[in-house]
Amino acid sequence: AYTYRLYAIEIYGLVIHEFDPWFNFRATKYLAENGWTKFFTWFDYKVWYPLGRPVGTTIYPGMQISSVWIWRAINSMGMEMSLNDVCCYVPAWFGSLATGLLAMLTYECSGSLNAATVSALIMSIIPAHMMRSVGGGYDNESVAMSAMVGVFYFWCRSLRDDSSWWYGALSGLTYIYMVAAWGGYIFVLNMVGVHAFVLVLMQRYSSKLHRA
């Protein structure tokens, strides 16, 4: 999963490509240079000309916050890496993370290591995910897919037995991150709600489900 997502970097170098990724990188750079307060009150007069745009209140900042945190963490450990390079690698890192989380979700639902392996193989090469998590394609979906699969994994994990309901809290925290990263969070919330509703219809309601 990781190797395949680096092909653009191997061919063209550490370059942000496409329109939205360039805007996202510009926003990330502004956050890194100016901090939280200025970022969330940032009115960018250079976009949507001549109206401008209040970026801080109209953006999903999860990816920018993650990238700045990763960049600072890497440099604090003595490994020098530019913010541009981190943003180029973030899609490949999170794409690999999403692949691993899907394998865990598959194993949780099937109990089969073979099924988990096959699901990871499919997730690592499926074009729909690949195109949103290729190196340099610094767009919201590259981070949000990991959060989405993480929500589903922790939700299913919370229903394993009577003592695992607290994983529902981890699912909730992951969902908050999903909301901060991408506008598709409504789909995730609805899927969890529908799953719980179907369990009730199947007469599988329990206090475990309620707590989760």
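The values are calculated or read from the model by the stated rules, or taken from the named source; none is laboratory data. It should be emphasised that the depicted structure is a prediction, and the values quoted were computed from it without experimental measurement. When we count neighbours, we look across all protein chains shown, and the Cβ atoms used for this are built from the backbone with ideal geometry, even at glycine. Heavy atoms of the whole protein, side chains included, go into the accessibility calculation; ligands, DNA and RNA do not. Shrake-Rupley method; radii C 1.70, N 1.55, O 1.52, S 1.80 Å.
For region 1-91, trypsin sites (Lys or Arg not before Pro) are listed when DSSP marks them as loop and at most 13 other Cβ atoms sit within 10 Å of their Cβ; the list is 46. In this structure, residue 199 and residue 2 have a Cβ-Cβ separation that, at R0 = 30 Å, corresponds to a calculated FRET efficiency of about 0.25. Protein heavy-atom accessible surface, 1.4 Å probe, per residue over region 43-128: 56 Å². Once backbone amide H atoms are built at 1.01 Å from N, residue 44 has 53, 55 as its partners under 5 Å, excluding neighbours fewer than 5 places away on the same chain. The charge dipole of the chain, taken about its Cα centre with unit charges on the Cβ atoms of Lys, Arg (+1), Asp and Glu (-1) only, comes to about 440 debye. Using alpha carbons only, how many degrees (0 to 90, rounded to 10) separate the axis of helix 167-181 from the longest principal axis of the chain? Compared with the principal axis, the helix lies near 30 degrees. When you count the other C-beta atoms within 10 angstrom of each residue and take the mean per peptide, 47-55, 170-178 line up highest first as 170-178, 47-55.
Report the far tail of the P(r) of region 59-102, meaning the percent of Cα-Cα pairs longer than 15 Å. Walk me through the numbers before you get to the answer.
Working: 441 of 946 pairs.
Result: 47 percent of Cα pairs exceed 15 Å.
Percent relative contact order of the chain, based on C-alpha pairs within less than 8 angstrom and at least six residues apart? About 23 percent, as a whole number.
One quarter of the convex hull surface, Cα atoms only: what value does that give for region 46-129 in nm²?
On the way: hull surface 34.6 nm².
Seen from a random direction, the Cα hull of region 46-129 projects 8.6 nm² on average.
Look at the alpha carbon pairs under 8 Å that are at least 6 residues apart: their mean separation over the length of region 86-212 gives a relative contact order of 25 percent. Every Cα-Cα pair in region 96-164 was counted, and those over 14 Å apart are 59% of them. Seen against the Cα atoms of the chain and their longest principal axis, helix 185-201 is set at about 0 degrees.
Rounded to the nearest 0.05, the FRET efficiency derived from the C-beta distance between residue 113 and residue 34 at R0 = 35 Å is 0.15. Radius of gyration over Kirkwood radius for the chain, both on Cα atoms: the Rg/Rh ratio is 1.02. Projected over every direction and averaged, the convex hull enclosing the alpha-carbon atoms of region 1-73 yields 6.0 nm².
A dipole drawn for region 55-212 from +1 and -1 charges on Cβ atoms has a positive end, and of 156, 63, 88 the residue lying farthest that way is 156. For the chain, the longest principal axis of the C-alpha atoms and the axis of helix 62-76 are separated by about 70°.
Just subtract the alpha-carbon distance of residue 125 and residue 77 from 0.36 nm times their residue separation and send over the number in nm, one decimal. Display every interim value, and only then the final one.
Working: separation 48, 0.36 × 48 = 17.28 nm, distance 3.20 nm.
Extra length from residue 125 to residue 77 when fully extended: 14.1 nm.
Counting protein heavy atoms only, region 76-212 has 69 percent of its accessible area on carbon and sulfur, 1.4 angstrom probe.
If you stretched the chain out fully between residue 41 and residue 173, how much longer would it get, using 0.36 nm times the residue separation minus the C-alpha to C-alpha distance? Show your work: numbers first, answer last.
Details: separation 132, 0.36 × 132 = 47.52 nm, distance 2.50 nm.
So the extension gain works out to 45.0 nm.
Straight-distance candidates among the lysines for linking to residue 29, with alpha-carbon spacing under 18 Å and chain neighbours fewer than 8 residues away dropped: 38, 46.
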